[in-house]
Amino acid sequence: MKKVNGHEIINLFEQWSPKRFAEDWDPVGLHIGQLNRPVDRVVITLDVNEAVVDEAIEKGANLIIAHHPPIFSPMKHIWTDTPQGRLIEKCIKNDISVYAAHTNLDVAPGGVNDLLASRLGLEDIEVMEPTISDPLYKLAVFCPVEHADELREELARSGAGAIGDYAGCSFTSTGVGRFTPAAGAAPFIGEVGKTEEVAEERIEVVLPGPLRSKVLKAMLAAHPYEEPAYDFFVLDQRTQEFGLGRVGKLPAAMELNEFANFVKQALDVPAARIVGDLSKPVRKIAVLGGSGSKYIRAAKRKGADVFVTGDMDFHSAQDAEMMDLAIVDPGHHVEKVMVEGVARYMEQACQAKGYDVSFIESEIDTEPFRFV
């Protein structure tokens, strides 16, 4: 097993939940400490408070990965006689770094909203509110005929040419390439100052935007020419859409009151607020972790019978009621599903890479509300 540092762990995490998925206002990323040091234990938590930091110290963790950013608004001072300043001081003195993945973890496939949808047993799940989609590119590269097969294989290995359920897709046309090596060149074919004609293939492959640098690096490494000729084109098509919230169907319809009690059990909460006719049958469910007041119309557009989300404000609840959208509000803290989900995902990802690191699910209850 390989000893790793924080950079290697977070690089692996961000392959799943990249920061580009986050909303513009969201301060995701490293909040406290540094990543350029060895890490062998990581605590996963919904929130970072002093009790969580004490837990990390007790368990010998070097890194905390949280869902809610501990520093949400810019700080002008760090006063260590305040609760937030004391927390930061304790992390620094004990060499504990803190990293936050917030709306990017909400958006990520398999992230918070997918975990909630899974707990509710939803089927035929789709994104509720698309927020990002990647451009699709086409790479066209010219290569000597005798080296074309090898180059195509390397492009496929780098992820280029994947279309739906098919891998290694490409198109080839043949022609004649002409060039004259200038002084200082070290040509693979031909001589300096002499015009050459070479039978070449034009290889075309498509690739998603995030793979562009990886594919380019693989192409340049595999190409025999010192200066290969190639073009990237941005296509009108887009790749998979990513976004906030999920919409899916229950295996069978329930009355709203029965469904609300099911939500309490499935998401392990003591209470839930309900908007709507308790006898109304519901089957199509929208779910969004955290505060969903701004997304009632998105849920309605998707045809949801009920919207499961936290922190529903009074006036948004009235608006939902008027548009005949039922609401079940089990609270913001249901996002605690990410603790087990992130720990499980990262354990598997690190084992696959041979990383010697363990992930600890925080046992601290950070729910601030008590119910009477």
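The values are calculated or read from the model by the stated rules, or taken from the named source; none is laboratory data. Just so it is clear, the model here is predicted, and its values are computed rather than measured. Please note: Cβ atoms are built from the backbone with ideal geometry, for glycine as well, and neighbour counts cover all protein chains shown. Ligands, DNA and RNA are stripped out before the accessible areas are found, and what is left, the full protein with its side chains, is counted by its heavy atoms. Shrake-Rupley method; radii C 1.70, N 1.55, O 1.52, S 1.80 Å.
Heavy atoms of the protein chains alone define the surface here; on that basis segment 60-210 has 50 Å² accessible area per residue at 1.4 Å probe size.
Per-residue ellipticity at 222 nm from helix content only, as computed over the chain with -39500 (n - 2.57) for each DSSP H run of at least four residues, stands at -8500 deg cm²/dmol. Across the accessible surface of the chain, with the other protein chains kept in place and a 1.4 Å probe, carbon and sulfur atoms take up 50 percent.
Largest mean-square fluctuation among A286, A140, A51, in a Gaussian network model of the chain whose springs join Cα atoms under 10 Å apart, belongs to A140. Take Y137: with every protein chain present and a 1.4 Å probe, its accessible area is about 40 Å². Packing around the peptides 200-212, 231-243, taken as the average count of other Cβ atoms within 10 Å per residue, puts them in this order, highest first: 200-212, 231-243. In the list (i) 24.1, 99; (ii) 26.0, 89; (iii) 25.1, 88, the label attached to Rg and Dmax of the Cα atoms in Å as derived from the coordinates here is (ii). Panel note: the C-alpha atoms of segment 116-228, placed on their principal axes, show extents of 70, 24, 18 Å (largest first). Our coupling estimate for segment 162-168, obtained by passing each phi through the Karplus curve with A = 6.51, B = -1.76, C = 1.60 and θ = phi - 60°, is 8, 10, x, 8, 10, 10, x Hz, Gly and Pro reported as x. Per the Cα gyration tensor, segment 85-130 maps to an equivalent ellipsoid with semi-axes of 35, 11, 8 Å, ordered largest to smallest. Between the listed residues I32, N5, L87, the Cα displaced farthest toward the positive end of the dipole of the chain, a dipole computed from Cβ unit charges relative to the Cα centre, is found at L87.
Mean projected area of the Cα convex hull of segment 34-158, taken over all directions, amounts to 14.0 nm².
The antiparallel fraction among DSSP beta bridges confined to segment 232-312 stands at about 55%.
Restricting the chymotrypsin sites (Phe, Trp or Tyr not before Pro) of segment 313-372 to loop positions (DSSP other than H, G, I, E, B) with no more than 14 neighbouring Cβ atoms within 10 Å leaves F369, F371.
Net charge of the neighbourhood of G190, taken over other residues with C-beta under 14 Å away and scored Lys/Arg +1, Asp/Glu -1, is -4. Ranking V192, V372 from most to least accessible surface, computed with a 1.4 Å probe over the protein chains only, gives V372, V192. Checked against a 24 Å cut-off, the cross-linked pairs K93/K353; K19/K302; K19/K217 give Cα-Cα distances beyond that limit for K93/K353; K19/K302. Each Lys and Arg Cβ is given +1 and each Asp and Glu Cβ -1; about its Cα centre, segment 281-372 then shows a dipole of about 540 debye.
Of the residues V192, S97, G168, the one whose Cα sits farthest toward the positive end of the charge dipole of segment 87-244, with +1 on the Cβ of Lys and Arg and -1 on the Cβ of Asp and Glu, is S97.
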